[in-house]
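Below: one structure, written as structure tokens.
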Amino acid sequence: MAMYVSVPRDLSRVKSKIIFNLTKRQLLCFGAAALIGVPAFFLIKKTTANVSLAAMSMIVIMLPLFFLAMYERDGQPLEVIARHFIETKFIRPKIRPYRTDNYYRTLERQAWAEEEVAKIVRRHQETAEKPVRKKGTGAKHKAAGKPHKA
């Protein structure tokens, strides 16, 4: 009798298993759940003397860590999905208008800025080229017959 074993074609989704066919992430989350849940069970059992209440409380306490270990959607773990959800619902603005960066408008702004710089440079050069006249050295004083002092 022939036996067939299915081999996945996409090996990027295959995760390495360590112990009990669990990944590192699952082992870590289950260990953290046990470290939190078992002492909570004994504490609740000691204070209330009700085993079923203590067991239900332990399950409720450990469930979020189990979800962190096991839930995965589109290759993303639960905390990534939760972060995306919180960002879209609470952090980022609700209305995000579509804005394009118009390349031609950018070129127009650049040309306008270059023209302004050229005008400023021209004005500065014109003021620097004009000679500064001293009082008493003009043609009026020469015509009046006053001596020219240098």
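Only the coordinates and a few stated rules stand behind these numbers; no lab work does. Please read all numbers here as calculations on a predicted model, not as lab measurements. As a convention, Cβ positions derive from the backbone with ideal geometry for all residues, glycine included, and neighbour counts pool all protein chains shown.
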What trypsin sites (Lys or Arg not before Pro) does segment 5-67 have in DSSP loop regions with at most 13 other beta carbons within 10 Å?
-> ARG9, LYS15, LYS17
Hey, if you put +1 on the Cβ of every Lys and Arg and -1 on every Asp and Glu Cβ in segment 16-91, which of PHE67, ALA34, ILE86 ends up farthest toward the positive end of that dipole?
-> ALA34
Rounded, prolate or oblate: pick one for segment 1-116, where a ≥ b ≥ c are the square roots of the eigenvalues of its C-alpha gyration tensor, a/c under 1.5 means rounded, and failing that, prolate if a/b is larger than b/c, else oblate.
-> oblate
Given +1 on the Cβ of Lys and Arg, -1 on the Cβ of Asp and Glu, and no further charges, what dipole in debye does segment 16-91 carry about its Cα centre, rounded to the nearest 20?
-> 200 debye
Taking the C-alpha atoms of segment 57-125, convex hull volume expressed per residue in Å³ = 200 Å³
Cβ-Cβ FRET estimate between VAL38 and ARG83, R0 fixed at 30 Å, reported to 0.05 = 0.55
Cleavage-rule hits, trypsin sites (Lys or Arg not before Pro), segment 56-106, DSSP coil, Cβ neighbours within 10 Å at most 12 | LYS94, ARG99
How far apart, in nm, are two points set 7 Å out from the Cα along the Cα-to-Cβ line at ARG73 and at TYR4?
-> 3.3 nm
Would you please state which residues of segment 59-99 a label at LYS17 would reach in this model, taking the label point 7 Å out along Cα→Cβ and a backbone N cut-off of under 17 Å?
-> 70-71
